Amino acid sequence: MRLATGGRIDRSRPLRFSFDGRAYTGFAGDTLASALLANGVQLIGRSFKYHRPRGILSAGAEEPNALVELDRGPGRREPNTRATMVPLTEGLVARSQNRWPSLGFDLGALAGLGAPLLPAGFYYKTFLGPGRDAWYRRWEPLIRRMAGLGRAPEAPDPDRYGNRHAHCETLVIGAGRAGIAAALAAAEAGDRVILCDEQAEPGGRLLLLPGPVPGLEALRAQPRLRILTRTTAFHYGLQNYVSLAEVLDRPDGLRERLWRVRARRVVLATGALERLLPFSGNDRPGVMLADAARAYVARWAVLPGRRAVLLAAHDSGYDAAFALQDAGAGVVAILDLRAAPPAALREAAAARGIAVRPAHGIAATRGGARVTGVLAAPLRPDGSPDAARAEALACDLVLMAGGWTPNLALFSQARGRLRWDAAADAFLPGETAEALECAGACATGRGPGLPLAAIAAGSLGARKAFVDPQNDVTTRDIALAVREGFRSIEHVKRYTTTGMATDQGKIGGMLGLAITAAARGQAIPEVGFTTFRPPYTPVSFGTLAGRHRAALFDPVRTAPTHAWAEAQGAVFEPVGQWQRARYFPRAGEDMAAAVARECLAVRNAAGLLDASTLGKVEVVGPDAAEFLERCYVNAFHGMRPGRCRYGLLLREDGFLYDDGVIARLAEDRFHLTTTTGGAARVLHLLEDYLQTEFPELRVWLTSNTEHWGVAALQGPAARAMLAPLVRGIDLAALPHMAVAEAEVAGIPAWLFRVSFTGEAGYEVNVPADRLAALWERLIAAGATPYGTEAMHVLRAEKGFIIIGQETDGTVTPEDAGLGWAIGKAKRDFIGKRSLARPEMLRPDRRQVVGLAPRDARVPEEGAQLLAGADRREAQGHVTSAYHSAALGRPIALGLLSAGRARLGETVFATRLDGVPQPLEVVSPVFWDPEGKRLHG
Amino acid sequence: MLLIRCPWCGDRPEVEFRHAGEAHIARPADPAMLTDAEWAGFLYERANPRGDYRERWRHIHGCGRFFNAQRHTLTDRFAGTYRPGEEPPA
Ligand SMILES: [Zn+2]
């Protein structure tokens, strides 16, 4: 019910909204929760597990129950939104969640009406026990339909999400009394200050008082101070790196903004959170935190009920009861769990005509979707309510004043230690390694009430007393977990799921801990504390992703002929961040047909591949040869300028790390290529050795991957096609594994005679922006473009390995059949010592072999190779497998134990589609084993 | 995210850096002279302490240099960073 006067709402600006299809009106300044309460709506949703009716419990970010779905149109449906944190706007559309078929009549709840609740560990017990069959037949389908919260949106989010980085001397989190004071003091001392608060209006609990928030005007006058409202500090990173989520909802589509703040000093002024109280039926709509009820009256001029009962374990509840009475509600009774409430409060209540019943609790609540009464009961000596002596009191509102928990989630995220303070009956901030201070109620609490231990002890026998209302965890679940042997609070938490809902147990977590302690017969500090983890409250994916979506999700690198390939209708594949043309289908061709045609073109005439994505590093300096000599397995000192080597790079553990062509361009200048995916890590490894192991060498390393565009022209017709375009050298005189500077198609080039296909061929390196021009000339000369798939087939036909395909970080040069590349006379190189370890010399090491299927099927890459008795021993695996158009049959490469000594043997490759496939172990060189074509 | 002081560039965010393992593990001058066990020790054995730790970082998205740092593995607090060849903080 809305009060005629008071509150911080703007009665001149009415706003229309709907909930579950019904139209309502509220005012500017309302939250969705206050507007619903003003309209008498108490039933907001159904609980996660039992579908019990739930209402509004709090007035802030800690709300576990009042979760709704907001619908702002396609792509803007937002589930699990706390109604207490949504400022009311014109036309707001909200819906309840987790109910079927409707909120008022929910079939799921029928299951829970008569039946006992699903106990803690229900899932585990049903999975493992004799009831396992029942799990699949009965429980799983039922639970899958009933459990869960909200529905994810299906359409893409059309809104924008911003991102800002900020630095300041002082970041103050929480704009209540303590936060405002800390911010003002820092600003007056000259600091740049950021003050953030999750609420729409700064002030914290000062907003419960009428009139302007004290200190706010002085803050707004500070030029170096920024106030961020609707902004939640949700992550506390190392060295005061704090992430803030700001909700903007701007009309231009900027929805939320992520702030990354690095602060020299952080002041936590996050206050304290009121706890619920554990009694039977404490989850019924109309049962509310006392301070929340006070907030609804003071801030939004809403009376959440007409006849209230206060259950108090703390003095602060009396303020709420008195405020409600002042606003016109009746206070039926104050039930105080304490034997001796302060005399002053009792007198104040008596003066108002309110009966205070010390040492009383609630044995049960009455009502359906809304509380209609309580059973007020005197407490037994153990603190539990004595239902036999209970008296029924009619009411429509139950206030819980359970005492206060200092809000130290962020302090815990900052790796701060919490220490138990017996006098405060709370965990308070202890040591932290961060430049961090706590101020106000989060540092001191808000004064003790009835000790938590006593509250917990009195609740152990209660039925359906919820500790975690969102996850439907009761005091009995926790007691059961302890009886079943769960000792650690971390295990109790996981087994019962208490504190694991989206609210992370802000109002019930401490109680769960106290109940665990009570059930174990221990003191609270002996039980310990669970660590708080980010985010403090849920953050939308949009905020975290920011602009990093769609095309900006990950950078895309394209080769110089990308546009040409696109125009030709090429099919691309990602290789790391590169998009490479995989094949160039002609009309009517599928992938197999296109790849076969491209392969045959290379074998019979000439093909053209854009090889620009290969990593390239220039190694320059008087000691360049010595540096490479120490790093790569090959010998370089005797190498003449103009020659190329197939270089192998190992890690210090002796395993293959990368390969490529190393060309000596001049006495003091080498050009080396790396694999496409290995460019960055190879340069990193070389820099590491150069800077830290061999700093005496005068060598400079420069990545020039993007500088050079590379056209690989391969095939028996390559020379005839290229020669007319070449000026400056005699192409026919350039031998295999040689390099020369020349002019190609009028473009200055380094012309390499190298081959990754087994055919005579060239790789022409020109400035990347000139490659497209060269490319068109070579196509015009008759070259057939081919893609990475044909490239893979062609190299496999020759038994050339690909790092990362034939190797997996456990393959040595000898395993790969590349022992010939090692400079035998070399005293040392990276990984050499490891090659002499006994393990590396075992005869049964897995070696690269060729595998010739005895039938026409292409084996599956990754298939295990079976051999030995009954073919049950996995002795290796298939690393590459293709159909070879040149050979007219499938071929494969694999790693096989002692493989090179087993030529002619039959092994079997597993198949997902059935019986293992027989393969003959053969030489990995399927095509032109004598290598005549290279020199043709 | 850590704030790391590159000895050449100053304080920079962690995303500009790449961790490079424990510091002060020099490659043996003549690996061939080492026993298999000694070589395995060089390859694989690391201190991994709970407390102060000397480690290498590379300012890979900045100046590209390797340097050393002393960091507490529990608090992640840096006692300091220093160039190769310089003395670690006391
Ligand atoms: Zn730097």
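Can you tell me how many residues in region A:417-429 are more than 24 Å from residue A:204 (Cα to Cα) and not hydrophobic (A, V, I, L, M, F, W, C)?
Total satisfying the criteria: 3.
Check region B:20-42 and report whether any residue there is within 16 Å of the ligand (Cβ to nearest atom) and at pLDDT 95 or above.
Yes.
Mind listing whichever residues of region B:65-75 are surrounded by 15 or more Cβ atoms within 10 Å (Cβ to Cβ) and either hydrophobic (A, V, I, L, M, F, W, C) or within 16 Å of the ligand (Cβ to nearest atom) (or both)?
Passing the criteria: B:65, B:66, B:67, B:68, B:69.
Condition first: of a type in the set (Lys, Arg), within 33 Å of the chain's Cα centre (by Cα) and surrounded by fewer than 22 Cβ atoms within 10 Å (Cβ to Cβ). Can you find one or more residues in region A:659-673 that meet it?
Looking for residues that are of a type in the set (Lys, Arg), within 33 Å of the chain's Cα centre (by Cα) and surrounded by fewer than 22 Cβ atoms within 10 Å (Cβ to Cβ), one finds none in region A:659-673, hence no.
Residue-by-condition table, conditions (1) away from chain B (no Cβ under 14 Å); (2) crowded, with 22+ Cβ neighbours inside 10 Å:
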position: A:234; (1), (2): yes, yes
position: A:241; (1), (2): no, no
position: A:245; (1), (2): yes, yes
position: A:253; (1), (2): yes, no
position: A:256; (1), (2): yes, yes
position: A:270; (1), (2): yes, yes
position: A:276; (1), (2): yes, yes
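Looking at region A:545-568 only, could you name the residues that are crowded, with 17+ Cβ neighbours inside 10 Å and either in a loop (DSSP other than H, G, I, E, B) or of a type in the set (A, V, I, L, M, F, W, C) (or both)?
A:559, A:560, A:561, A:564, A:565
Can you name every residue in region A:644-678 that is basic (Lys, Arg), more than 14 Å from chain B (Cβ to nearest Cβ) and farther than 18 Å from residue A:736 by Cα?
Listed by number, the list holds a single entry, A:669.
Being in a helix (DSSP H, G or I) and over 38 Å from the mean Cα position of the chain (by Cα) is true for just one of A:597, A:586. Which residue is that? If you could, list the steps in order and put the result at the bottom.
Working: A:586 fails: in a helix (DSSP H, G or I).
Checking each option against the conditions leaves just A:597.
Can you run down the residue pairs with Cβ atoms below 6 Å, 6 or more apart or on separate chains, where the first is in region A:430-453 and more than 24 Å from residue A:181 (Cβ to Cβ) and the partner is of a type in the set (Ser, Thr, Tyr)?
A:433/B:75
Let's see how each residue does on (1) within 14 Å of chain B (Cβ to nearest Cβ); (2) touching a helix residue (DSSP H, G or I) at 6+ places or on another chain (Cβ under 8 Å); (3) among the hydroxyl-bearing types (Ser, Thr, Tyr):
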residue: A:753; (1), (2), (3): no, no, no
residue: A:814; (1), (2), (3): no, yes, no
residue: A:818; (1), (2), (3): no, no, no
residue: A:828; (1), (2), (3): yes, yes, no
residue: A:855; (1), (2), (3): no, no, no
residue: A:858; (1), (2), (3): no, no, no
residue: A:861; (1), (2), (3): no, no, no
residue: A:869; (1), (2), (3): no, no, no
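Could you list, in sequence order, all residues of region B:1-21 that are outside any loop (DSSP other than H, G, I, E, B) and away from chain A (no Cβ under 12 Å)?
B:6, B:10, B:16 - these are the residues of region B:1-21 that are outside any loop (DSSP other than H, G, I, E, B) and away from chain A (no Cβ under 12 Å).
Out of region A:923-936, which residues are surrounded by fewer than 18 Cβ atoms within 10 Å (Cβ to Cβ) and not acidic (Asp, Glu)? Before you say what the answer is, go through the steps one by one.
The first filter runs over region A:923-936 and keeps only residues surrounded by fewer than 18 Cβ atoms within 10 Å (Cβ to Cβ), leaving A:923, A:925, A:928-932, A:935-936.
Those that are surrounded by fewer than 18 Cβ atoms within 10 Å (Cβ to Cβ) and not acidic (Asp, Glu): A:923, A:925, A:929, A:931, A:932, A:935, A:936.
Quick one: is residue B:16 touching a Pro at 6+ places or on another chain (Cβ under 9 Å), acidic (Asp, Glu) and within 16 Å of the ligand (Cβ to nearest atom)?
No: the conditions fail for residue B:16.
Counting only residues that are surrounded by 15 or more Cβ atoms within 10 Å (Cβ to Cβ) and assigned to a loop (DSSP other than H, G, I, E, B), how many does region A:863-886 have?
Matching residues across region A:863-886 total 3.
Can we say residue A:363 is over 36 Å from the mean Cα position of the chain (by Cα), not assigned by TED's automatic domain parsing to the domain that holds residue A:52 and not in a strand (DSSP E or B)?
Criteria not met by residue A:363.
Can you name every residue in region B:64-90 that is facing chain A (nearest Cβ under 9 Å) and among the acidic types (Asp, Glu)?
B:76
Output the number of the condition that residue A:291 fails; it satisfies all remaining conditions of (1) assigned to a loop (DSSP other than H, G, I, E, B); (2) closer than 28 Å to residue A:511 by Cα; (3) charged (D, E, K, R).
With (1) assigned to a loop (DSSP other than H, G, I, E, B); (2) closer than 28 Å to residue A:511 by Cα; (3) charged (D, E, K, R) applied to residue A:291, the lone miss is (1).
Quick check, is residue A:370 touching a Leu at 6+ places or on another chain (Cβ under 7 Å), closer than 23 Å to residue A:287 by Cα, charged (D, E, K, R) and surrounded by fewer than 20 Cβ atoms within 10 Å (Cβ to Cβ)? Write out each step before concluding.
Working: touching a Leu at 6+ places or on another chain (Cβ under 7 Å): yes; closer than 23 Å to residue A:287 by Cα: yes; charged (D, E, K, R): yes; surrounded by fewer than 20 Cβ atoms within 10 Å (Cβ to Cβ): yes.
Against the criterion (touching a Leu at 6+ places or on another chain (Cβ under 7 Å), closer than 23 Å to residue A:287 by Cα, charged (D, E, K, R) and surrounded by fewer than 20 Cβ atoms within 10 Å (Cβ to Cβ)), residue A:370 qualifies.
Restricting attention to helices (runs of 4 or more DSSP H) lying wholly within region A:424-528, give those where 1 or more residues are closer than 29 Å to residue A:365 by Cβ.
In region A:424-528, A:452-457, A:475-483, A:489-496, A:509-520, A:524-527 are the helices (runs of 4 or more DSSP H) which contain 1 or more residues that are closer than 29 Å to residue A:365 by Cβ.
Say we look at region B:45-63 and pick out the residues that are outside any loop (DSSP other than H, G, I, E, B) and within 11 Å of another protein chain (Cβ to nearest Cβ); which of these is farthest from the ligand (Cβ to nearest atom)?
So, considering only residues that are outside any loop (DSSP other than H, G, I, E, B) and within 11 Å of another protein chain (Cβ to nearest Cβ), the one farthest from the ligand (Cβ to nearest atom) is B:56.
Pairs only if they're at least six apart or on different chains, beta carbon under 7 angstrom, first in region B:50-73 and touching a residue at least 60 places away in the same chain (Cβ under 8 Å), second within 13 Å of the ligand (Cβ to nearest atom) and among the β-branched types (Val, Ile, Thr); list them, first residue then second.
Qualifying pairs under 7 Å: B:67/B:81; B:69/B:81.
Please give the strands (runs of 3 or more DSSP E) falling wholly within region A:1-100 in which 2 or more residues are of a type in the set (D, E, K, R) and touching a strand residue (DSSP E or B) at 6+ places or on another chain (Cβ under 8 Å). Walk me through it before giving the result.
Details: elements: A:10-19, A:22-28, A:67-71, A:77-82, A:92-95.
Those strands (runs of 3 or more DSSP E) span A:10-19, A:67-71, A:77-82.
Just for helices (runs of 4 or more DSSP H) wholly inside region A:614-733: which have at least 3 residues that are within 22 Å of residue A:809 (Cα to Cα)? So that I can check it myself, show each step before the final result.
Details: elements: A:624-631, A:679-688, A:718-722.
Fully inside region A:614-733 and qualifying: A:624-631, A:679-688.
The values are calculated or read from the model by the stated rules, or taken from the named source; none is laboratory data. In this text the structure is predicted, and so the values were computed from the model without any measurement. As a convention, Cβ positions derive from the backbone with ideal geometry for all residues, glycine included, and neighbour counts pool all protein chains shown.
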